[in-house]
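Nothing in this text is a laboratory measurement; each read-out follows from the coordinates by a stated rule. Just so we're clear, the structure is a prediction, and the values are computed from it rather than from any experiment. With ideal geometry, Cβ positions are generated from the backbone for all residues, glycine too; neighbour counts draw on all protein chains shown.
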Amino acid sequence: MNFIRKLPIPQEIKEQYPLSEELVATKTEFDREVAAVFTGESKKFLLIIGPCSADNEESVMDYTMRLADLQKEVKDKVLIIPRVYTNKPRTTGDGYKGMVHQPDPTHETDMLQGLIAIRRLHTRVAAESGMFPADEMLYPENFRYLSDILSYVAVGARSVENQQHRLVASGISVPVGMKNPTSGDFSVMMNSIMAGQHQHMFLYRGWEVQSEGNPLAHAILRGYVNKHGQSLSNYHYEDLRFVYEQYMQKGLENPAVIVDTNHANSGKKYNEQIRIAKEVLHSRRYNSDIEGLVKGLMIESYIEDGAQKIGEGKYGCSITDPCLGWEKSKKLVLDIADSL
């Protein structure tokens with residue numbers, strides 16, 4: 001491999017795009033509110049909602065400000081965390097890998113400008129909406145560029161078995177969701193949660209570090225793919241009950257599940273997210289254990305329905321997985337709040 005240039009360390013990027021003292025204080029309170037959902041102190045329902053990939057700063061900000069207005073309408077029952085995913089896993093390694101690689105999807109890769117772009121976008125989301133974002137930890141070594149601004153972190157289905165992801169998760173101070181692997185094996189997910197909740201000594205960014213353990217590490221159910229490549233779901237009552245029993249057997253802290261309504265759960269049929277969300281809510285109403293376990297939903301949503309190819313130029317339409325459009329998303333959020 002060719003070493004192109006040495007990139008700035010996280011502290012240097014943070015100094016270029018710092019958080020104000022007021023924003024730091026606001027985040028502390030926001031994080032406290034999110035943590036209270038996972039510990040059971042709060043009965044609010046979490047919605048981690050937003051585009052499959054944050055591909056354009058202006059349309060993401062447009063979407064996020066709509067979310068901020070919607071949050072005011074449902075604040076008594078629902079806590080919204082904007083999904084601002086700036087790095088994307090690719091099944092074959094090809095395709096758009098997110099804003100951290102390409103700040104402009106129509107231009108060539110520029111990792112330096114990508115690091116600046118994702119820092120700037122996440123800072124804008126927090127400063128202008130008052131909500132603090134979620135992102136996927138695709139590259140554990142890159143987490144520090146956003147460590148002071150994220151209020152939720154996801155470890156993806158292809159990363160959840162990786163030792164470095166698990167150990168870094170154990171040193172993060174906000175909730176980290178461990179997705180079930182693409183194979184669907186719940187034991188992999190539960191082992192990852194256990195690793196995330198424990199203390200560890202390990203090598204990170206050229207340092208010997210010790211993590212304190214993250215008691216807010218938890219499960220994300222996103223469906224799975226069988227040996228024939230067919231998508232299968234795992235959001236049903238029986239799945240939720242099984243995960244609850246696994247939590248009880250392993251004695252893990254703060255049993256919690258977030259259900260991802262898209263990906264293999266919907267077979268990437270974005271409109272199915274509405275039905276899936278309502279089925280999960282029905283399971284919570286039916287069983288008090290599941291009500292306490294399922295803390296929220298992860299929903300892929302953008303301004304326009306569906307998806308498009310890079311370069312088509314349709315404003316607010318996903319260039320990766322298809323998303324639920326804004327009007328349907330707004331109605332779904334209001335319906336969820338009414339049903340709680």
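Report relative contact order for the stretch 1-111 in percent, whole number only (criteria: Cα-Cα under 8 Å, sequence separation at least 6). Mind showing how you got there, number by number?
Values: 98 pairs, mean separation 23.3, N = 111.
Normalised by residue count, the contact order of the stretch 1-111 is 21 percent.
Calculate the length of the line joining the C-alpha centroid of the stretch 99-178 to that of the stretch 17-48, in whole Å.
Taking the Cα centre of each part, the stretch 99-178 and the stretch 17-48 sit 17 Å apart.
Could you work out the equivalent-ellipsoid semi-axes for the chain, taking the square root of 5 times each eigenvalue of the Cα gyration tensor, largest first, in whole Å? Could you put the intermediate results ahead of the total?
Working: eigenvalues 149, 113, 87 Å².
Semi-axes (√(5λ), whole Å): 27, 24, 21.
Among Met298, Met201, Met194, what is the fewest-to-most ranking by other Cβ atoms within 10 Å? Before the final figure, lay out the partial values.
On the way: Met298 27, Met201 9, Met194 17.
Ordered from fewest to most neighbouring Cβ atoms within 10 Å, Met298, Met201, Met194 come out as Met201, Met194, Met298.
Kindly count the pairs of lysines across the stretch 1-96 whose alpha carbons are less than 24 Å apart, treating pairs on different chains or eight or more residues apart as eligible.
15
Straight-line reach from Lys268: which aspartates and glutamates have Cα under 14 Å away, leaving out those fewer than 8 places along the same chain?
Those aspartates and glutamates meeting the cut-off are Asp260, Glu300, Asp305, Asp321.
When only Cα pairs under 8 Å and 6 or more residues apart are kept, what is the percent relative contact order across the chain? Display every interim value, and only then the final one.
Working: 671 pairs, mean separation 53.7, N = 340.
RCO, the chain: 16 percent.
Which ³J(HN,Hα) values in Hz, rounded to whole numbers, follow from the phi angles of the stretch 166-182 under the Karplus curve 6.51 cos²θ - 1.76 cosθ + 1.60, where θ = phi - 60° and Gly and Pro get x?
Coupling constants for the stretch 166-182: 5, 6, 5, 4, 5, x, 9, 9, 10, x, 10, x, 9, 6, 5, x, 4 Hz.
Taking the stretch 57-139, which GluC sites (Glu not before Pro) meet the DSSP loop condition and have no more than 14 other C-beta atoms within 10 Å?
Of the GluC sites (Glu not before Pro), the ones in loops of the stretch 57-139 whose Cβ has at most 14 other Cβ atoms within 10 Å are Glu108.
Between Arg205 and Arg120, what is the label-point separation in nm under the 7 Å Cα-to-beta-carbon projection?
2.2 nm
Among the GluC sites (Glu not before Pro) in the stretch 208-269, which ones are in a DSSP loop with at most 13 other Cβ atoms within 10 Å of the Cβ? Mind listing them? The partial results should precede the final answer.
Numbers: sites: Glu208, Glu212, Glu238, Glu245, Glu253; in loops: Glu212, Glu253.
Here the sparse-neighbourhood loop sites are Glu212.
Taking the beta-carbon count within 10 Å as an exposure proxy, list Ile310, Ile299 from fewest neighbours to most.
Working: Ile310 13, Ile299 25.
Least crowded to most crowded, the residues run Ile310, Ile299.
Treat the stretch 273-313 as a sphere of radius equal to its Kirkwood radius over Cα pairs and apply Stokes-Einstein at 25 °C in a medium of 0.890 mPa s; give the translational diffusion coefficient in µm²/s, rounded to a whole number. Intermediate results must be reported in sequence, preceding the final value.
Values: Rh = 12.5 Å.
It comes out at roughly 196 µm²/s.
DSSP loop trypsin sites (Lys or Arg not before Pro) in the stretch 47-149 with at most 15 other Cβ atoms within 10 Å of their Cβ, which ones?
Passing sites in the stretch 47-149 are Lys75, Lys77, Arg90.
Taking the Cβ of each residue in Thr39, Thr91 as the centre, tally the other Cβ atoms inside 10 Å and list the residues starting with the fewest.
Details: Thr39 13, Thr91 9.
Ranked by crowding around the Cβ, least crowded first: Thr91, Thr39.
With contacts defined as alpha carbon pairs under 8 Å and 6 or more residues apart, what's the relative contact order of the stretch 176-230 in percent?
47 percent
Place a point 7 Å from the Cα of Leu340 along the Cα-to-Cβ direction; which residues of the stretch 219-261 have their backbone N under 17 Å from it?
256-261
Could you check what % of the DSSP bridge pairs in the chain are antiparallel, to the nearest 5? Each step should come with its number before you reach the end.
Working: 8 of 38 bridges.
Taking every DSSP beta bridge within the chain, about 20 percent pair in antiparallel fashion.
Counting only other residues whose beta carbon sits under 11 Å from that of Asp110, what net charge do I get with K and R as +1, D and E as -1? Before the final figure, lay out each step's value.
On the way: positive: Arg5; negative: Asp104, Glu108.
Taking every Cβ under 11 Å from that of Asp110, the sum is -1.
Amide H of Ile220 versus every other amide H placed in the peptide plane: which residues, excluding those fewer than 5 positions away on the same chain, fall under 5 Å?
Residues meeting the amide H criterion: Met178, Lys179, Asn180, Ile258.
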